[in-house]
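Note sheet for the following structure.
The values are calculated or read from the model by the stated rules, or taken from the named source; none is laboratory data. Just so we're clear, the structure is a prediction, and the values are computed from it rather than from any experiment. Virtual Cβ from ideal backbone geometry, glycine too; neighbours counted across all protein chains shown. For accessibility, only protein heavy atoms count, side chains too; no ligands or nucleic acids. Shrake-Rupley method; radii C 1.70, N 1.55, O 1.52, S 1.80 Å.
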Amino acid sequence: MSGVTLNIQPDAEGLAQAAADLISEQVRVNPSLSILVATGNTPMPTYAELARRVTAGTVDFSRVTAVQLDEYLGVSDDDPRSLWGWMRRSFVEPLRIMRTVRLESPAQFAAAVADLGGLDLAILGLGPNGHLGFNEPPSPPGAPTRTLELTPASLESNAVYWGDLAVPAGAITAGMDVILAARQALLLVSGAHKRDILHTALEGPQTPDVPASLLRRTALTVIADGAAWG
Ligand code: PGA
C-alpha cells in the first residue's frame with residue numbers, strides 16, 4: 001500500500017506526542033512489532049515520551065524487536081559515537097525492549113530481517129541532503145544494506161553530534177531495499193533548517209538524488225513541526 005499522510009504539529013513537543021501516539025498504537029495492535037530505529041536528534045523527544053508511557057504502564061514494548069538503522073565502522077561499543085550505544089540508551093533500555101537486531105554486516109542483517117518476516121515500521125529522520133540512515137544521494141530504491149564512505153556533506157552534518165571527536169569516515173547502513181519494504185514508514189522532521197529538504201522530498205521528483213523522496217512509494221506518515229513545514 002502506498003500513500004502519504006502528512007501530520008503537521010505546532011512544535012517539537014506536539015511532534016513527539018503525535019509520533020508516540022502512532023508508535024504506541026501500532027505496538028498495541030501488534031505487540032511483536034519489528035521497528036527500524038533511527039538515532040539523530042529529531043526522534044529523541046519521541047523516544048523520551050514513549051519511555052514515559054512505558055514507565056506509566058500504558059504501553060508495553062517487551063515483545064517488540066528493535067532493529068538498528070545505521071552505524072559507523074570501527075567504533076567500539078563504549079565509544080560515544082557508537083550509534084548502537086545511542087540506540088540502546090535512547091530506545092532499547094528506556095522502553096525495556098528485550099529483542100534487538102544489531103547491524104553488523106550486510107549478510108547477517110539481511111538474514112535477521114528475513115527471520116523477522118520483514119520490518120513492520122521504519123522510524124526515520126530526514127538528512128539535510130535527503131539521506132535516510134547512511135543512504136546518501138544517490139541511493140536508488142534497490143540499494144542494498146552495505147558499507148560505504150561518508151560524503152563530505154554527511155561528515156559535516158554528523159559533526160554536530162560529536163563535539164571535538166572526528167566523524168568516522170566509514171559506515172554501514174540498512175539498504176533502501178529494506179527501508180522501502182517496511183510495512184509502514186514514519187518520517188519525523190523538526191526545525192526550519194529542514195524546511196527546504198522536506199518540501200523537496202515530498203513535492204519534488206521521486207529520485208535517488210533525494211533518497212527520502214522514494215518513501216512516497218510506501219505507506220508513509222510524515223510528522224513535522226510547523227518550523228519544518230513552514
Ligand atoms: P537529525 O538527523 O534528526 O539529527 O536532524 C537526521 C539525519 O541526518 O538523518
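Please give the length that would be gained between Thr207 and Ala181 if that part of the chain were fully extended, namely 0.36 nm times their separation in residues minus their C-alpha to C-alpha distance (nm, one decimal). Before the final figure, lay out the partial values.
Details: separation 26, 0.36 × 26 = 9.36 nm, distance 1.69 nm.
Taking Thr207 through Ala181 to full extension adds about 7.7 nm, to one decimal.
So, with a 1.4 angstrom probe, what is the percent of accessible area on the stretch 106-178 that is carbon and sulfur?
Here carbon and sulfur together make up 62 percent of the probe-accessible area.
Can you pull out the chymotrypsin sites (Phe, Trp or Tyr not before Pro) in the stretch 125-230 whose DSSP state is coil and whose Cβ has at most 15 other Cβ atoms within 10 Å?
Those satisfying the criteria are Tyr161, Trp162.
Of all GluC sites (Glu not before Pro) in the stretch 89-179, which ones are in loop regions per DSSP and have a Cβ with at most 14 other Cβ atoms within 10 Å? Mind showing how you got there, number by number?
Values: sites: Glu104, Glu149, Glu156; in loops: Glu104.
Here the GluC sites (Glu not before Pro) that fit, given the DSSP loop and packing criteria, are Glu104.
If you build a Gaussian network model of the chain, linking Cα atoms that sit under 10 Å apart, which residue out of Ser62, Ser76, Ser24 swings the most?
Ranking Ser62, Ser76, Ser24 by mean-square fluctuation puts Ser76 first.
How high is the relative contact order of the stretch 136-182? Use alpha-carbon pairs under 8 Å, at least six apart in sequence, and give a whole percent. Walk me through the numbers on the way to the answer.
Numbers: 50 pairs, mean separation 25.4, N = 47.
It comes to 54 percent, rounded to a whole number.
Need the full-extension length gain, Asp196 to Leu73, defined as separation in residues times 0.36 nm minus the C-alpha distance. One decimal, nm. Walk me through the intermediate numbers first.
Working: separation 123, 0.36 × 123 = 44.28 nm, distance 3.02 nm.
Net length gain for the segment: 41.3 nm.
Shape verdict for the stretch 42-86, please, from the Cα gyration tensor: rounded (a/c under 1.5), prolate (a/b greater than b/c) or oblate. Display every interim value, and only then the final one.
On the way: a/c = 2.78, a/b = 2.13, b/c = 1.30.
Judged from the Cα gyration tensor, the stretch 42-86 comes out prolate (a/c at least 1.5, a/b above b/c).
Among bridges DSSP assigns within the stretch 87-230, what percent are antiparallel (round to 5)?
Working: 5 of 15 bridges.
The antiparallel fraction comes to roughly 35 percent.
Please sort through the DSSP H helices of the chain and keep those with an alpha-carbon extent of at least 20 Å along the long axis and a Kyte-Doolittle average not below -1.0.
Details: long enough: 12-29 (26 Å, 0.35).
Helix filter hits for the chain: 12-29.
Starting from the eigenvalues of the Cα gyration tensor, five times each then square-rooted, give me the equivalent ellipsoid semi-axes of the stretch 42-159, largest first, whole Å. All intermediate terms of the calculation are to be shown ahead of the outcome.
Values: eigenvalues 124, 62, 41 Å².
Semi-axis lengths for the stretch 42-159 are 25, 18, 14 Å.
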